[in-house]
Amino acid sequence: MADCIFCEILAGRVAAEVVHESSKALAFLDVFPAARGHVLVVPRAHVPTLLDLGDAAVGDLFLAVKAVQAKVQRALGPAGMNVGWNHGLAAGQHVHHLHVHVIPRFEDGGRGIQVMGSGGDRAELPAVAAALRSA
Ligand code: 5GP
Ligand code: ZN
């Protein structure tokens, strides 16, 4: 897609440090790494979010994520990793081509992605669950 930096990388028109590739996905180092070994895993198809990715392609993407995690573990030996993606501008997505961040953590006792939430009311759990079940 025009004006998509990750499509440009996929097409080979913009350089990237590729670390894994498959027929449906590509993985390369984030050029502004949040940690040593920060990898982005992208589907070859241009889709903005996971909700736009065809079901048949979801498995391929997550197989690539798994392969990248295994490579990161073998090569760099982190104590842990945060793996996930930003969905939408409000959640910090700035490149609107779906990408999964694999961010190694090298120290114990780190905080998980829950710290990014704004908090919720436990008393609302049944109502929230009911709303989700019926959606
Ligand atoms: P987002 O905030 O959209 O979830 O993350 C986008 C990521 O893409 C950022 O971490 C940013 O550093 C990375 N990024 C942006 N432009 C480029 C680029 O041209 N090459 C590479 N390798 N990473 C990029
Ligand atoms: Zn794209």
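The values are calculated or read from the model by the stated rules, or taken from the named source; none is laboratory data. The structure displayed is predicted, hence computed values, not measured ones. FYI the Cβ positions are ideal-geometry reconstructions off the backbone, even for glycines, and counts take in every protein chain you see. Calculation scope for accessible area: heavy atoms of the full protein, side chains included, ligands and nucleic acids excluded. Shrake-Rupley method; radii C 1.70, N 1.55, O 1.52, S 1.80 Å.
The residues in the range 6-15 that are loosely packed, with under 14 Cβ neighbours inside 10 Å and more than 10 Å from ligand 1 (Cβ to nearest atom) can be counted, and the count is 3. Restricting to the range 51-61, name every residue that is open to solvent by 50 Å² or more (accessible area, probe 1.4 Å) and aliphatic (A, V, I, L, M). Once the filter is applied, which keeps residues that are open to solvent by 50 Å² or more (accessible area, probe 1.4 Å) and aliphatic (A, V, I, L, M), the range 51-61 yields LEU51, ALA56.
Condition check ((1) open to solvent by 20 Å² or more (accessible area, probe 1.4 Å); (2) in contact with a Lys or Arg (Cβ under 6 Å, 6 or more places away or on another chain); (3) closer than 14 Å to VAL100 by Cβ; (4) away from ligand 2 (no atom under 16 Å from the Cβ)) across all residues:
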position	(1), (2), (3), (4)
CYS4	no, no, no, no
GLU17	yes, no, no, yes
ALA25	no, no, yes, no
LEU29	yes, no, yes, yes
LEU40	no, no, yes, no
VAL47	no, no, yes, no
LEU63	yes, no, yes, yes
LYS66	yes, no, yes, yes
GLY77	yes, no, no, yes
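Being farther than 17 Å from CYS7 by Cβ, touching a helix residue (DSSP H, G or I) at 6+ places or on another chain (Cβ under 9 Å), surrounded by fewer than 18 Cβ atoms within 10 Å (Cβ to Cβ) and touching a residue at least 12 places away in the same chain (Cβ under 8 Å) is a property that ARG36 has.
Just to be sure before I move on: is HIS94 surrounded by 13 or more Cβ atoms within 10 Å (Cβ to Cβ), modelled with pLDDT of 95 or more and near ligand 1 (Cβ under 10 Å from one of its atoms) in the structure I sent? Here the answer is no, as HIS94 does not meet what is asked.
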